[in-house]
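*Asks:* There's a structure below that I have some questions on.
The values are calculated or read from the model by the stated rules, or taken from the named source; none is laboratory data. All values reported here derive from a predicted model rather than from experimental measurement. Quick reminder, even Gly has a Cβ in these numbers, built from the backbone with ideal geometry, and neighbours come from all protein chains shown. When the accessible area is computed, the model is the full protein with side chains, heavy atoms only, and any ligands, DNA or RNA have been set aside. Shrake-Rupley method; radii C 1.70, N 1.55, O 1.52, S 1.80 Å.
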Amino acid sequence: MESKMIKEEVFITTAKWAQEVKSQLGADKCYVFGSLIHRDGEQFDPISSDIDLVVIIPENIRSEVQIVEWLEKLKQYKQNLERDLFVLLRRNNPNEPIVSVLPVTQEELFFDIHKSKAPSFFSGNKFKCLFTNTVHDGIEGSNVKELDSQLIKQVIEFCQKNRNEFLSNTIHSDLSLLEWKFE
């Protein structure tokens with residue numbers, strides 16, 4: 001399959017996934033960024049590139065317990081997306097994640113805090129909204145105010161990093177679901 005067609009199929013697959021996450025888990029927004037949209041995806045390689053997603057945690061999910069329960073549900077949806085993209089991209093290593101999902105809160109966007117410590121990450125990069133299929137310079141509502149406390153910023157970066165790592169599951173544990181697709 002031609003690279004451009006593959007990218008379009010990846011967008012269609014991730015957009016369907018985002019709509020499901022919105023309807024079932026109440027995600028406020030879902031965005032794709034990175035090689036899939038940078039320079040119109042010219043750097044995206046179906047064999048080796050990952051798909052980078054940002055999922056905005058619903059504002060009504062406030063407590064740590066609620067966030068953990070929400071993340072556990074999101075992890076199942078993420079595994080389904082891994083499976084679908086594994087087949088679509090014809091990958092051959094089920095131990096290697098394809099999708100990187102970064103769940104963030106509205107507050108983290110407001111202060112533009114990213115796990116990598118990159119300044120202006122959410123306001124300075126291009127993001128494609130999977131609900132509207134539009135590309136934006138920055139995510140709306142990001143970088144509104146600077147956070148005064150470096151300690152709080154470091155704690156938030158650490159939490160974000162751990163949320164992202166928690167969601168780094170692969171399809172390996174669920175290969176039986178793929179058998180019918182390869183027959």
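*Asks:* Could you give the distance between the Cα centres of the range 103-123 and the range 2-62, to the whole Å?
*Replies:* 18 Å
*Asks:* Given a 1.4 Å probe and the protein chains all in place, what does the accessible area of residue 38 round to, in Å² to the nearest 10?
*Replies:* Accessible area of residue 38: about 80 Å².
*Asks:* Which residue, 51, 12, 113, has the most motion in a Gaussian network model of the chain that connects Cα atoms within less than 10 Å?
*Replies:* 12
*Asks:* Helix-only mean residue ellipticity at 222 nm, the chain, DSSP H runs n ≥ 4 weighted -39,500 (n - 2.57), per residue, nearest 500. What is it?
*Replies:* The per-residue figure over the chain is -13500 deg cm²/dmol.
*Asks:* Given a 1.4 angstrom probe, I'd like the percentage of the accessible area of the chain that is carbon and sulfur, rounded to a whole number.
*Replies:* After summing per-atom areas, the C and S share lands at 50 percent.
*Asks:* Where in the range 73-117 is the amide nitrogen less than 19 Å from a point lying 7 Å along the Cα-to-Cβ axis of residue 45?
*Replies:* Taking a point 7 Å out along Cα→Cβ of residue 45, the residues of the range 73-117 whose backbone N falls under 19 Å are 86-100.
*Asks:* Before I look further, what does the range 1-112 give for accessible area per residue, probe 1.4 Å, in whole square angstrom?
*Replies:* 50 Å²
*Asks:* Which residue, chosen from 171, 67, 119, occupies the Cα position most advanced towards the positive end of the dipole of the range 48-183, where the dipole is computed from +1 (Lys, Arg) and -1 (Asp, Glu) charges on Cβ about the Cα centre?
*Replies:* Farthest along the dipole direction, towards plus: 171.
*Asks:* Any chance you could give the angle, 0 to 90 degrees and rounded to 10, that helix 3-25 forms with the longest Cα principal axis of the chain?
*Replies:* 60 degrees
*Asks:* In terms of solvent-accessible area of protein heavy atoms at a 1.4 angstrom probe, what is the ranking of 67, 57, 152, highest value first?
*Replies:* Greatest to least solvent exposure: 152, 67, 57.
*Asks:* Using a simple charge model, +1 on the beta-carbon of Lys and Arg, -1 on the beta-carbon of Asp and Glu, nothing else, what dipole does the chain show about its Cα centre, in debye to the nearest 20? Provide the component values of the computation, followed by the final result.
*Replies:* Numbers: 22 positive and 29 negative charges, 5 e Å.
That gives a dipole near 20 debye.
*Asks:* Can you pull the three principal axis extents for the Cα set of the chain, in Å, largest first?
*Replies:* 56, 36, 27
*Asks:* Using only Cα atoms, find the angle between the long axis of helix 150-166 and the longest principal axis of the chain, and express it within 0 to 90 degrees, rounded to the nearest 10.
*Replies:* 20 degrees
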